[in-house]
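Below is one structure, written out as structure tokens; comments come after it.
The values are calculated or read from the model by the stated rules, or taken from the named source; none is laboratory data. This is a predicted model, so every value here is computed, not measured. Positions of Cβ are backbone-derived with ideal geometry, glycine not excepted, and every protein chain shown enters the neighbour counts. With ligands, DNA and RNA removed, areas are computed over all heavy atoms of the protein, side chains included. Shrake-Rupley method; radii C 1.70, N 1.55, O 1.52, S 1.80 Å.
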Amino acid sequence: MKTKKYLLTFLYVYLIAGFMSNLPFVNGYLLHRIDGDLFKYSNADASYTNHDTFSFKSPHISLKSVDRYIAEFHPEKKSQQVYRLYRINPLCFWRWSHYLITSRDFDYKSWKEIEPNRVPYNPENRYQDF
């Protein structure tokens with residue numbers, strides 16, 4: 001009976017913390033401070049890369065920025081899809097809103113699969129962050 005009570009208490013605290021940490025300004029601050037180096041995106045040949053740092057001045061990744069890249073550089077069909085380079089971890093409750101809003105638009109692919117096909121870094125390509 002005590003373990004059930006502790007389990008329910010833990011579940012309530014976990015859900016309340018998850019709700020509070022996903023409020024807009026709180027979530028942005030937590031993602032910037034805790035996960036500033038985690039959220040990276042790339043296409044199949046790494047000619048488009050994006051590093052989402054959640055800082056005040058850097059915009060978040062969106063499908064519009066991917067479409068602008070495609071319109072400007074006209075990459076091959078296989079390089080038009082952008083992948084997220086991080087796995088989704090449901091235990092990290094402060095990331096839930098980011099997972100639901102942004103991560104659902106991008107499939108996962110490991111950087112180890114992309115790196116052998118990587119094109120050389122071009123400093124004039126404003127869509128190549130790393």
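So how do 32, 60, 74, 51 rank on accessible area, 1.4 Å probe, biggest first, that is with the largest at the start?
Result of the area sort, largest leading: 74, 60, 32, 51.
Cα to Cα, under 25 Å, and not fewer than 8 places away if on the same chain: which lysines meet these conditions relative to residue 40?
57, 64, 77, 78, 109, 112
What angle, in degrees between 0 and 90 and rounded to the nearest 10, separates the Cα long axis of helix 63-73 from the longest principal axis of the Cα atoms of the chain?
10
Using a Förster distance of 30 angstrom, determine the FRET efficiency expected from the C-beta separation of residue 104 and residue 126, and round it to 0.05. All intermediate terms of the calculation are to be shown ahead of the outcome.
Numbers: r = 26 Å, r/R0 = 0.86.
Once rounded, the FRET efficiency stands at 0.70.
Can you check what the net charge comes to around residue 88, using other residues whose Cβ is under 12 Å from the Cβ of residue 88 (Lys, Arg +1; Asp, Glu -1)? Write down the numbers at each step before the final one.
Values: positive: 84, 87, 95, 104; negative: 107.
Residues close to residue 88 contribute a combined charge of +3.
Just add up the charged neighbours of residue 122: K/R +1, D/E -1, any other residue whose Cβ is under 14 Å from the Cβ of residue 122. Working shown, then result.
On the way: positive: 118, 126; negative: 45, 72, 124, 129.
Taking every other residue near residue 122 into account, the sum is -2.
Quick one: compute a quarter of the convex hull surface over the Cα atoms of segment 1-54 and quote it in nm². The partial results should precede the final answer.
Details: hull surface 22.3 nm².
If you wrap the Cα atoms of segment 1-54 in a convex hull and average its projections, you get 5.6 nm².
What percentage of all Cα-Cα pairs in the chain are separated by more than 19 Å? List each step's numbers first, then the result.
Details: 4636 of 8385 pairs.
Counting every Cα pair in the chain, those more than 19 Å apart make up 55 percent.
With a 10 Å cut-off between alpha carbons and a GNM built on the chain, which of 27, 89, 43 moves the most?
89
With each run of n ≥ 4 DSSP H residues scored as -39500 (n - 2.57), what mean residue ellipticity at 222 nm is computed for the chain after dividing by its residue count and rounding to the nearest 500 deg cm²/dmol? Spell out each step's value before the answer.
Details: 5 runs with 52 residues, N = 130.
Using -39500 (n - 2.57) per qualifying helix, the result is -12000 deg cm²/dmol.
Arrange the residues 45, 107, 52 by how much accessible surface each exposes, largest first, with a 1.4 angstrom probe.
On the way: 45 30, 107 85, 52 0 Å².
Greatest to least solvent exposure: 107, 45, 52.
Of 109, 4, 64, which has the most accessible area and how do the rest follow, probe 1.4 Å? Don't skip to the answer; put the middle values down first.
Numbers: 109 50, 4 130, 64 150 Å².
Sorted descending by solvent-accessible area, the residues read 64, 4, 109.
Spin-label point model (7 Å from Cα, Cβ direction): what's the residue 117 to residue 57 distance in nm?
The modelled label-to-label distance comes out at 3.4 nm.
For the charge dipole of segment 70-119, defined by +1 on Lys and Arg C-beta atoms and -1 on Asp and Glu C-beta atoms about the Cα centroid, which residue among 80, 96, 119 has the Cα displaced farthest towards the positive pole?
96
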